[in-house]
1. Sorting MET59, MET145 on the 10 Å Cβ count, fewest up front, what's the list?
2. Working from Cα positions, state the angle (0 to 90°, nearest 10) between the long axis of helix 128-139 and the longest principal axis of the chain.
3. At 0.36 nm per residue, minus the direct Cα-Cα distance, what do GLU56 and GLU147 gain on full extension? Give it in nm, one decimal, please.
4. So what's the gap between the Cα centers of region 2-49 and region 71-114, to the nearest angstrom?
5. Can you give the log10 of the normalised intensity I(q)/I(0) at q = 0.22, 0.28 Å⁻¹, computed with Debye over equal Cα scatterers of region 42-99?
6. Sum -39500 (n - 2.57) across every DSSP H segment of at least 4 residues in the chain, then divide by the residue count to get the 222 nm mean residue ellipticity, nearest 500.
7. Stretch SER77-SER94 to full length: gain in nm at 0.36 nm per residue minus the Cα-Cα span?
8. Across region 145-156, in residue order, what do the Karplus-derived ³J(HN,Hα) couplings come to in whole Hz, using 6.51 cos²θ - 1.76 cosθ + 1.60 with θ = phi - 60° and x for Gly and Pro?
Amino acid sequence: MVAHQRYNFTEVTLSNGSVTSVRQLGLFELDSIPRDIPGNYTYTVNFASGKEYEIEFDMSVDREEPDTPLEEVEKGSKEYYDWQEFLRYREAISRQKEQIEAYADYLNRIAKYISDTCVEDDVGAITRDDWDKIYHAALNPMVTMEEISAALRNSF
């Protein structure tokens with residue numbers, strides 16, 4: 001016996017007064033969309049005991065560039081460690097930017113997937129509010145025990 005996928009649809013009224021049918025996504029359907037979002041910036045701390053620890057950089061405090069140029073500081077001095085901390089801070093900011101861009105890319109892939117698979121082709125030009133309604137209709141299925149059971153049967 002072949003299991004048939006049952007889809008739920010929600011009707012959404014668009015800003016131009018037209019009504020479109022939006023297919024609700026399955027519980028695990030978005031798992032196939034790659035989520036390549038880098039983690040928070042970490043750095044390695046070496047202790048005298050020889051142990052190494054990965055520590056997440058604390059972004060709650062802004063760091064300012066030290067006054068003394070890096071080329072003029074003596075290794076091991078306070079200014080040297082201030083520069084190390086400031087350079088880590090710049091790397092952490094760069095990582096944050098990568099995270100934001102990767103997350104935006106992921107959300108765009110989800111939006112395209114919903115547009116390609118959950119709405120009719122002839123929806124036409126609609127507003128951002130219309131797309132918000134469509135996305136919420138697609139992303140928020142009513143989770144019932146029957147749906148969880150069907151998802152488990154189809155996945156395992």
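Every number in this text was worked out from the coordinates using simple rules, so none of it is lab data. Note that the structure is predicted; figures quoted are calculated from it, not measured. Heads up, the Cβs are rebuilt from the backbone with ideal geometry, glycines too, and the neighbour counts pull from every protein chain shown.
1. Ascending number of Cβ neighbours within 10 Å: MET145, MET59.
2. For helix 128-139, the angle is close to 80 degrees.
3. 28.9 nm
4. If we compute the Cα centre of each part, the gap is 26 Å.
5. -0.97, -1.13
6. Taking each H run of at least 4 residues, the total per residue is -14000 deg cm²/dmol.
7. Net length gain for the segment: 3.5 nm.
8. With coefficients 6.51, -1.76 and 1.60, one gets 4, 4, 5, 5, 5, 5, 5, 5, 5, 7, 9, 10 Hz.
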